[in-house]
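Everything on this sheet refers to the single structure shown next.
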Amino acid sequence: MKSLLNEIRGCTICKDHLPHGPNPVLSASIHSQIVIIGQSPGSVVHRTGIPWDDKSGDNLRSWLQMDKHTFYNPDVVALIPMGFCYPGKGKSGDLPPRTECAPQWHGPLLGQMKEVKLTLLIGQYAQAYYLGDQLRPTLTDTVKNYQQYLPAHFVLPHPSPRNNIWKARNPWFEQDVVPALRKSVAEII
């Protein structure tokens, strides 16, 4: 695993498409029990090199009811984005994750993690990639039907503050999904 992580951290396959240059950010161990597959690092994470080191990460840890020590322990949690580098800004937020990363690196990474009990698929990109034809027509429908994907996957919206309006329009998420998520996580850690 160590050599694979070093190889990923040195990856430059999409460097010509990254306005801020490559800086692959992830965390994983052969002992990881929970895998969190998110979108791609934002500008803050690009600068710090620490996965989920921003407001989205604070929101995610709140949903999980997990402290930073546990969250950043790779023997407990693997943090694997769909795109390992910050893709840059678009018209309405960050650009989508680069499509080269997941096909290149997810299989080898996940293949070495034999103790995974739960994989969180955060946002539409991770859900589309991993759920395939089981994906519902909208992210809201997919998340609302989260039980369909258990026990292997737990689907979530992105915890970005930009999604506060979505959360306000969908109170069932905080009432039903977050408690179920916390229960699933607590049973593992």
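For the chain, what is the calculated [θ] at 222 nm in deg cm²/dmol (nearest 500), taking -39500 (n - 2.57) for each run of four or more DSSP H residues and dividing by its residue count?
Numbers: 9 runs with 66 residues, N = 189.
That calculation yields -9000 deg cm²/dmol at 222 nm.
Distance in nm between label sites at ASN145 and GLN104, each 7 Å beyond Cα in the beta-carbon direction?
Each label point is offset 7 Å from its Cα along the Cβ direction, giving 3.4 nm.
Beyond 27 Å, what percent of the Cα pairs of the range 1-159 remain?
Working: 2213 of 12561 pairs.
In whole percent, the share of Cα-Cα pairs in the range 1-159 beyond 27 Å is 18.
Say R0 is 41 Å: what FRET efficiency, to the nearest 0.05, do ARG136 and SER3 get from their beta-carbon distance?
Working: r = 38 Å, r/R0 = 0.94.
After rounding, the FRET efficiency stands at 0.60.
Out of the trypsin sites (Lys or Arg not before Pro) in the range 79-182, which ones are loop residues according to DSSP with at most 12 other C-beta atoms within 10 Å?
LYS91, LYS114
Can you tell me the dipole magnitude for the range 39-189 around its Cα centre, using point charges on the Cβ only (Lys, Arg +1; Asp, Glu -1), in Debye to the nearest 20? Before the final figure, lay out the partial values.
Working: 16 positive and 13 negative charges, 70 e Å.
The dipole magnitude comes to about 340 debye.
Restricting the calculation to Cα positions, tell me the Rg (one decimal) and the Dmax (whole number) of the range 1-69 in Å.
Rg, Dmax (Cα atoms, Å): 13.3, 39.
How many Å² of accessible area per residue for the range 11-122, probe 1.4 Å? Write down the numbers at each step before the final one.
On the way: 4840 Å² over 112 residues.
Heavy-atom SASA per residue in the range 11-122 reads 43 Å².
Using +1 on the beta carbon of Lys and Arg, -1 on that of Asp and Glu, and nothing else charged, what's the dipole of the range 137-189 about the Cα centre, debye to 20? Present the calculation step by step, with values, prior to reporting the outcome.
On the way: 6 positive and 4 negative charges, 33 e Å.
Magnitude of the dipole: close to 160 debye.
Got a sec? Charge dipole of the chain, +1 on Cβ for Lys and Arg, -1 for Asp and Glu; which of THR119, TRP63, GLN147 is way out at the positive end?
Sorting the options by dipole projection puts first TRP63.
Can you give me the % of accessible surface on the chain that is carbon or sulfur? Probe 1.4 Å, all protein chains present, nothing else counted.
On the way: 4610 of 9290 Å².
Roughly 50 percent, rounded to a whole number.
Dimensions of the range 74-169 along principal axes (Cα, Å, largest first)?
38, 33, 27
The values are calculated or read from the model by the stated rules, or taken from the named source; none is laboratory data. It should be emphasised that the depicted structure is a prediction, and the values quoted were computed from it without experimental measurement. When we count neighbours, we look across all protein chains shown, and the Cβ atoms used for this are built from the backbone with ideal geometry, even at glycine. Only protein heavy atoms, including side chains, enter the accessible area calculation; ligands, DNA and RNA are left aside. Shrake-Rupley method; radii C 1.70, N 1.55, O 1.52, S 1.80 Å.
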